[in-house]
1. Using θ = phi - 60° and the Karplus relation 6.51 cos²θ - 1.76 cosθ + 1.60, list the HN-Hα couplings for segment 204-211 in order, rounded to whole Hz, with x at every Gly or Pro.
2. Per-residue HN-Hα couplings for segment 179-191, Karplus 6.51 cos²θ - 1.76 cosθ + 1.60 at θ = phi - 60°, whole Hz, x for Gly and Pro?
3. For Ile159, which sequence-distant residues (separation of 5 or more, or a different chain) have an amide H within less than 5 Å of its own amide H, given hydrogens modelled in the peptide plane?
4. Tell me, what HN-Hα J-couplings in whole Hz come from the Karplus equation 6.51 cos²θ - 1.76 cosθ + 1.60 at θ = phi - 60° for each residue of segment 71-83, using x for Gly and Pro?
5. Can you list the aspartates and glutamates whose alpha carbon sits under 16 Å from that of Lys27, skipping same-chain ones fewer than 8 residues off?
6. Classify segment 36-75 as rounded, prolate or oblate, taking a ≥ b ≥ c as the square roots of the eigenvalues of its Cα gyration tensor: rounded when a/c is under 1.5, otherwise prolate if a/b is larger than b/c and oblate if not.
7. Place the peptides 190-200, 82-92 in order of packing, highest mean first, counting for every residue the other Cβ atoms within 10 Å and averaging per peptide.
8. Of all the accessible heavy-atom surface of segment 152-211, with the other protein chains kept in place and a 1.4 Å probe, what percent is carbon and sulfur?
Amino acid sequence: FSVFLGIIFFLELTAGVLAFVFKDWIKDQLYFFINNNIRAYRDDIDLQNLIDFTQEYWQCCGAFGADDWNLNIYFNCTDSNASRERCGVPFSCCTKDPAEDVINTQCGYDARQKPVSGISSCRLARRVFGGAFAYAQCCICDTLLSSSLVKEVDQQIVIYTKGCVPQFEKWLQDNLTIVAGIFIGIALLQIFGICLAQNLVSDIEAVRASW
C-alpha cells in the first residue's frame with residue numbers, strides 16, 4: 001500500500017513539474033479542446049451544459065474571444081449561414097443584468113454583428129465612457145474611435161469579450177495560494193498515509209519475529 005501511495009505521489013509530482021515546464025503546450029491543448037467542443041456545441045446536450053457552465057463561471061466567451069464561435073456552423077458569420085443564431089453567441093456569453101429574473105436565452109443573437117456607426121456610436125461611447133464624449137462632439141466621434149474599438153465596446157455591453165483560456169490563467173494567478181495549499185495538503189496526506197503503512201508493516205514484522 002505504501003508503495004502504491006509512493007507511486008501516486010511521484011506521478012503527481014512529475015505531472016506538476018511537467019505542467020510548469022510545458023505550460024505553453026498545455027495552453028495550446030486547452031485552446032484546441034475548447035474549440036473542438038465549440039464545434040460540437042449543439043450536438044451533445046451534456047457538452048453544451050458544460051460549456052455554458054464554464055462560460056458563466058469564468059465570465060468568458062470562446063477560447064480566446066467571442067469570435068471563436070465562428071467555428072460553430074450555427075453561430076458563424078458567413079453569408080451562407082441561414083441560422084437565426086448567425087453572428088451570435090450562446091446565452092452563457094451574455095453579461096448578466098441584475099434586473100432580470102429569467103434567463104434570456106436569445107440575448108446572444110447578433111452580438112457579433114458589425115459595430116454601430118455615426119450618432120449611435122457616439123451615444124454608445126458616451127454610455128460606456130461615462131460622458132467622456134459630449135453630445136456636441138458626435139460629428140467627430142467616428143474619427144476618435146476606430147471601428148475595432150467601437151466593436152469591442154459594443155460587445156462589452158451585452159457579452160463577455162475575454163476568452164476562457166486567459167480567464168482561467170487569471171483565476172490561477174489570483175488563487176495561486178489556495179491552489180498550492182490544496183496540492184500541498186493532498187501531498188501531506190499521502191506522505192502521512194505512506195508513513196502509517198510503513199509503521200503497520202514494521203509492527204506486523206515485529207509480531208511475526210516474536211512468534
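1. Working through the residues one at a time gives 5, 5, 5, 5, 5, 5, 7, 6 Hz.
2. Here the 3J(HN,Hα) series is 4, 4, x, 5, 5, 5, x, 5, 5, 5, 4, 5, 4 Hz.
3. Thr95
4. Once θ is set to phi - 60°, the couplings for segment 71-83 become 6, 8, 5, 8, 9, 5, 9, 5, 5, 7, 7, 8, 5 Hz.
5. Asp68, Glu169
6. Numbers: a/c = 2.38, a/b = 1.06, b/c = 2.25.
Cα axes put segment 36-75 in the oblate bin.
7. 82-92, 190-200
8. 68
The values are calculated or read from the model by the stated rules, or taken from the named source; none is laboratory data. In this text, all values refer to a predicted model and were calculated from it rather than measured experimentally. Glycine gets a Cβ as well: all are built from the backbone with ideal geometry, and neighbour counts include every protein chain shown. Ligands, DNA and RNA are stripped out before the accessible areas are found, and what is left, the full protein with its side chains, is counted by its heavy atoms. Shrake-Rupley method; radii C 1.70, N 1.55, O 1.52, S 1.80 Å.
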